[in-house]
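Visitor: Got a structure for you, questions after.
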Amino acid sequence: ILGLGRKVVRAKVEGRSNLKVTKNNLEKLLGPPRYLEEPRDKKLPPGVAVGLAYTALGGEILYIEASRTNLPSSSHKLTLTGNLGKVMRESAQAAVSFLVNLEISEDSGREVLGQLKEMQVSQIHVHVPDGGTPKDGPSAGVAILCAITSLFLQKSLPTQIAMTGEITLRGQVLAVGGIREKLLAAHRYGKKTVILPKANERDLIDLPSEARKDLDVIFVETMEQVLAEVGLI
(Lines give C-alpha, C1' and ligand atoms only; values in the text may rest on other atoms or scores of the structure.)
Protein backbone atom coordinates (compact mmCIF):
# COMPACT_ATOMS: atom_id res chain seq x y z
CA ILE A 1 0.00 0.00 0.00
CA LEU A 2 2.81 2.40 0.85
CA GLY A 3 4.47 1.63 -2.46
CA LEU A 4 1.32 2.42 -4.40
CA GLY A 5 0.86 5.62 -2.40
CA ARG A 6 4.31 6.80 -3.37
CA LYS A 7 3.59 6.10 -7.05
CA VAL A 8 0.36 8.12 -6.95
CA VAL A 9 1.95 11.06 -5.09
CA ARG A 10 4.87 11.13 -7.52
CA ALA A 11 2.49 11.08 -10.48
CA LYS A 12 0.64 14.10 -9.09
CA VAL A 13 3.86 16.01 -8.41
CA GLU A 14 4.96 15.35 -11.99
CA GLY A 15 1.60 16.50 -13.32
CA ARG A 16 0.29 13.03 -14.15
CA SER A 17 -2.81 13.22 -11.99
CA ASN A 18 -4.68 10.62 -14.07
CA LEU A 19 -2.67 7.63 -12.75
CA LYS A 20 -5.01 4.75 -12.00
CA VAL A 21 -4.10 1.53 -10.27
CA THR A 22 -5.66 -1.59 -11.80
CA LYS A 23 -4.89 -5.30 -11.75
CA ASN A 24 -3.44 -4.89 -15.24
CA ASN A 25 -0.76 -2.35 -14.24
CA LEU A 26 -0.14 -3.47 -10.66
CA GLU A 27 2.92 -5.56 -11.52
CA LYS A 28 4.34 -2.74 -13.65
CA LEU A 29 4.01 -0.31 -10.74
CA LEU A 30 5.31 -2.56 -7.97
CA GLY A 31 7.47 -5.07 -9.83
CA PRO A 32 7.01 -8.85 -10.02
CA PRO A 33 5.12 -10.53 -7.16
CA ARG A 34 7.29 -11.31 -4.19
CA TYR A 35 5.31 -14.35 -3.10
CA LEU A 36 4.59 -17.13 -5.56
CA GLU A 37 2.04 -19.72 -4.53
CA GLU A 38 3.04 -23.36 -4.81
CA PRO A 39 0.90 -25.39 -7.24
CA ARG A 40 -2.04 -26.74 -5.24
CA ASP A 41 -1.95 -30.11 -6.97
CA LYS A 42 1.76 -30.63 -6.42
CA LYS A 43 2.57 -33.87 -4.59
CA LEU A 44 5.36 -33.86 -2.06
CA PRO A 45 7.83 -36.76 -2.35
CA PRO A 46 8.53 -38.82 0.79
CA GLY A 47 10.98 -36.95 2.99
CA VAL A 48 9.62 -33.45 2.43
CA ALA A 49 7.53 -31.44 4.91
CA VAL A 50 6.22 -27.88 4.84
CA GLY A 51 7.17 -25.83 7.87
CA LEU A 52 6.38 -22.24 8.79
CA ALA A 53 8.98 -19.63 9.65
CA TYR A 54 8.91 -16.14 11.11
CA THR A 55 11.34 -13.64 9.59
CA ALA A 56 11.98 -9.92 9.90
CA LEU A 57 9.80 -9.47 6.83
CA GLY A 58 6.91 -11.59 8.12
CA GLY A 59 5.88 -15.22 7.81
CA GLU A 60 7.17 -17.67 5.23
CA ILE A 61 6.76 -21.33 4.35
CA LEU A 62 9.84 -23.47 4.73
CA TYR A 63 10.48 -26.74 2.92
CA ILE A 64 12.33 -29.34 4.99
CA GLU A 65 13.99 -32.06 2.88
CA ALA A 66 15.40 -35.35 4.14
CA SER A 67 17.32 -38.15 2.41
CA ARG A 68 19.14 -41.26 3.60
CA THR A 69 22.09 -43.52 2.80
CA ASN A 70 22.73 -46.90 4.38
CA LEU A 71 25.99 -47.12 6.29
CA PRO A 72 28.25 -50.19 6.39
CA SER A 73 28.71 -49.93 10.15
CA SER A 74 26.15 -50.19 12.94
CA SER A 75 26.00 -46.46 13.59
CA HIS A 76 24.08 -43.50 12.25
CA LYS A 77 25.19 -40.10 11.07
CA LEU A 78 23.19 -36.88 10.80
CA THR A 79 24.16 -34.27 8.21
CA LEU A 80 22.48 -30.86 8.25
CA THR A 81 22.75 -28.25 5.49
CA GLY A 82 21.04 -25.05 4.43
CA ASN A 83 22.83 -22.55 6.69
CA LEU A 84 21.16 -23.86 9.85
CA GLY A 85 21.91 -22.46 13.29
CA LYS A 86 22.70 -24.37 16.47
CA VAL A 87 19.12 -24.52 17.80
CA MET A 88 17.71 -25.80 14.52
CA ARG A 89 20.43 -28.46 14.36
CA GLU A 90 19.53 -29.56 17.87
CA SER A 91 15.89 -29.93 16.79
CA ALA A 92 16.94 -32.38 14.08
CA GLN A 93 19.02 -34.37 16.53
CA ALA A 94 16.09 -34.49 18.98
CA ALA A 95 13.75 -35.70 16.24
CA VAL A 96 16.03 -38.61 15.32
CA SER A 97 16.54 -39.62 18.95
CA PHE A 98 12.80 -39.57 19.59
CA LEU A 99 11.97 -41.65 16.51
CA VAL A 100 14.63 -44.28 17.21
CA ASN A 101 13.12 -44.80 20.69
CA LEU A 102 9.47 -44.48 19.67
CA GLU A 103 7.15 -47.17 20.94
CA ILE A 104 3.77 -48.00 19.38
CA SER A 105 1.55 -50.33 21.37
CA GLU A 106 -0.75 -51.44 18.55
CA ASP A 107 0.25 -54.51 16.49
CA SER A 108 -0.10 -52.38 13.35
CA GLY A 109 2.82 -50.30 14.58
CA ARG A 110 5.39 -53.09 14.43
CA GLU A 111 6.19 -52.52 10.78
CA VAL A 112 6.44 -48.79 11.37
CA LEU A 113 8.87 -49.28 14.23
CA GLY A 114 10.97 -51.62 12.12
CA GLN A 115 11.31 -49.02 9.39
CA LEU A 116 12.18 -46.29 11.87
CA LYS A 117 14.84 -48.45 13.54
CA GLU A 118 16.74 -48.35 10.24
CA MET A 119 17.84 -44.87 11.29
CA GLN A 120 20.41 -46.52 13.53
CA VAL A 121 22.37 -47.73 10.49
CA SER A 122 21.68 -44.83 8.12
CA GLN A 123 23.18 -41.52 7.21
CA ILE A 124 20.37 -38.97 7.38
CA HIS A 125 20.72 -35.72 5.48
CA VAL A 126 18.36 -32.88 6.37
CA HIS A 127 18.43 -29.86 4.09
CA VAL A 128 16.50 -26.59 4.10
CA PRO A 129 16.65 -24.75 0.74
CA ASP A 130 17.64 -21.10 0.35
CA GLY A 131 21.04 -21.82 1.79
CA GLY A 132 22.10 -18.19 1.44
CA THR A 133 19.72 -17.23 4.24
CA PRO A 134 20.73 -18.13 7.83
CA LYS A 135 18.01 -20.08 9.66
CA ASP A 136 17.70 -20.83 13.34
CA GLY A 137 15.20 -21.34 16.12
CA PRO A 138 13.27 -24.32 17.47
CA SER A 139 9.98 -23.87 15.58
CA ALA A 140 10.92 -26.14 12.66
CA GLY A 141 11.09 -29.12 15.01
CA VAL A 142 7.75 -30.69 14.06
CA ALA A 143 8.43 -30.23 10.34
CA ILE A 144 11.85 -31.89 10.68
CA LEU A 145 10.21 -34.71 12.63
CA CYS A 146 7.62 -35.26 9.88
CA ALA A 147 10.15 -35.03 7.04
CA ILE A 148 12.39 -37.71 8.56
CA THR A 149 9.45 -39.99 9.42
CA SER A 150 8.00 -39.55 5.95
CA LEU A 151 11.36 -40.53 4.47
CA PHE A 152 11.78 -43.77 6.41
CA LEU A 153 8.15 -44.83 6.03
CA GLN A 154 8.15 -43.80 2.35
CA LYS A 155 4.85 -41.99 2.82
CA SER A 156 4.22 -38.59 1.26
CA LEU A 157 2.85 -35.84 3.45
CA PRO A 158 -0.28 -33.96 2.31
CA THR A 159 0.83 -30.93 0.32
CA GLN A 160 -1.81 -28.71 1.90
CA ILE A 161 -0.54 -29.18 5.47
CA ALA A 162 1.95 -26.77 7.04
CA MET A 163 3.25 -26.93 10.59
CA THR A 164 5.29 -25.26 13.31
CA GLY A 165 6.31 -26.17 16.85
CA GLU A 166 9.25 -26.97 19.09
CA ILE A 167 9.91 -30.62 20.00
CA THR A 168 11.48 -32.32 23.00
CA LEU A 169 13.11 -35.69 23.64
CA ARG A 170 10.11 -36.62 25.80
CA GLY A 171 7.80 -36.22 22.81
CA GLN A 172 6.28 -32.87 23.72
CA VAL A 173 5.35 -30.09 21.31
CA LEU A 174 6.05 -26.67 22.80
CA ALA A 175 4.83 -23.16 21.98
CA VAL A 176 6.67 -20.98 19.46
CA GLY A 177 6.47 -17.34 18.39
CA GLY A 178 5.25 -15.51 15.30
CA ILE A 179 1.99 -17.47 15.05
CA ARG A 180 -0.01 -14.70 13.38
CA GLU A 181 2.63 -14.16 10.71
CA LYS A 182 3.08 -17.88 10.13
CA LEU A 183 -0.65 -18.48 9.71
CA LEU A 184 -0.91 -15.58 7.28
CA ALA A 185 1.93 -17.13 5.27
CA ALA A 186 0.11 -20.48 5.21
CA HIS A 187 -3.04 -18.73 4.01
CA ARG A 188 -1.13 -16.75 1.40
CA TYR A 189 0.40 -19.92 -0.04
CA GLY A 190 -2.95 -21.68 -0.19
CA LYS A 191 -2.36 -24.17 2.62
CA LYS A 192 -5.58 -25.54 4.08
CA THR A 193 -4.44 -27.14 7.34
CA VAL A 194 -1.93 -25.92 9.90
CA ILE A 195 -0.61 -27.91 12.85
CA LEU A 196 0.19 -25.76 15.90
CA PRO A 197 1.23 -26.38 19.51
CA LYS A 198 -1.75 -26.48 21.86
CA ALA A 199 -0.06 -23.81 23.96
CA ASN A 200 -0.36 -21.37 21.04
CA GLU A 201 -4.15 -21.63 20.85
CA ARG A 202 -4.59 -18.21 22.45
CA ASP A 203 -2.56 -16.58 19.66
CA LEU A 204 -5.34 -17.09 17.12
CA ILE A 205 -7.17 -14.08 18.53
CA ASP A 206 -4.88 -11.84 16.44
CA LEU A 207 -5.57 -13.65 13.16
CA PRO A 208 -7.79 -11.85 10.60
CA SER A 209 -11.21 -13.50 10.28
CA GLU A 210 -10.77 -14.26 6.56
CA ALA A 211 -7.64 -16.32 7.17
CA ARG A 212 -9.14 -17.98 10.24
CA LYS A 213 -12.18 -19.04 8.20
CA ASP A 214 -10.07 -20.63 5.46
CA LEU A 215 -7.61 -22.48 7.69
CA ASP A 216 -8.23 -25.70 9.58
CA VAL A 217 -5.97 -25.32 12.62
CA ILE A 218 -5.10 -28.50 14.52
CA PHE A 219 -3.62 -28.13 18.00
CA VAL A 220 -1.28 -30.82 19.33
CA GLU A 221 0.59 -31.46 22.55
CA THR A 222 2.73 -34.46 21.59
CA MET A 223 4.91 -35.52 18.69
CA GLU A 224 2.89 -38.72 18.28
CA GLN A 225 -0.21 -36.58 17.77
CA VAL A 226 1.62 -34.72 15.00
CA LEU A 227 2.56 -37.96 13.24
CA ALA A 228 -0.99 -39.25 13.54
CA GLU A 229 -2.56 -36.04 12.22
CA VAL A 230 -0.45 -36.14 9.05
CA GLY A 231 -1.20 -39.84 8.51
CA LEU A 232 2.25 -41.26 9.18
CA ILE A 233 1.34 -43.54 12.11
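The values are calculated or read from the model by the stated rules, or taken from the named source; none is laboratory data. Remember, it's a predicted structure, so these values are computed and weren't measured experimentally. All Cβ positions, even for glycine, are placed from backbone atoms using ideal geometry, and neighbour counts span all protein chains on display. These area figures cover heavy atoms from the full protein model, side chains too; ligands, DNA and RNA do not enter into them. Shrake-Rupley method; radii C 1.70, N 1.55, O 1.52, S 1.80 Å.
Visitor: Excluding ligands, DNA and RNA, what is the solvent-accessible area per residue of region 164-232 at a probe of 1.4 Å, expressed in Å²?
Guide: Per-residue value: 46 Å².
Visitor: Right, something else. Modelled label-to-label distance, residue 168 and residue 14, 7 Å Cα→beta-carbon offset: nm?
Guide: The two pseudo-label positions are separated by 5.9 nm.
Visitor: Using modelled backbone amide H atoms (1.01 Å from N, in-plane), which distant-in-sequence or interchain residues come within less than 5 Å of residue 52's amide H?
Guide: 62, 163
Visitor: Okay, moving on. What pairs from 42/135; 135/182; 43/117; 42/198 go past 22 Å between their alpha carbons?
Guide: On the way: 42/135 25 Å; 135/182 15 Å; 43/117 26 Å; 42/198 29 Å.
Check vs 22 Å cut-off fails for 42/135; 43/117; 42/198.
Visitor: Quick check: at a probe of 1.4 Å, how many percent of the accessible area of region 61-185 sits on carbon and sulfur atoms?
Guide: Percent of accessible area from carbon and sulfur atoms in region 61-185: 49.
Visitor: Okay, moving on. Please give the length that would be gained between residue 222 and residue 55 if that part of the chain were fully extended, namely 0.36 nm times their separation in residues minus their C-alpha to C-alpha distance (nm, one decimal). Intermediate values should be presented prior to the final figure.
Guide: Working: separation 167, 0.36 × 167 = 60.12 nm, distance 2.55 nm.
Taking 0.36 nm per residue and subtracting the Cα distance, the gain is 57.6 nm.
Visitor: Run the quick spin-label model on residue 110 and residue 79: label points 7 Å from Cα toward the beta carbon, then report their separation in nm to one decimal.
Guide: 3.5 nm
Visitor: Considering the options 196, 186, 159, tell which one lies farthest towards the positive end of the dipole of region 122-233, charges being +1 on Lys and Arg and -1 on Asp and Glu at the Cβ, about the Cα centre.
Guide: 159
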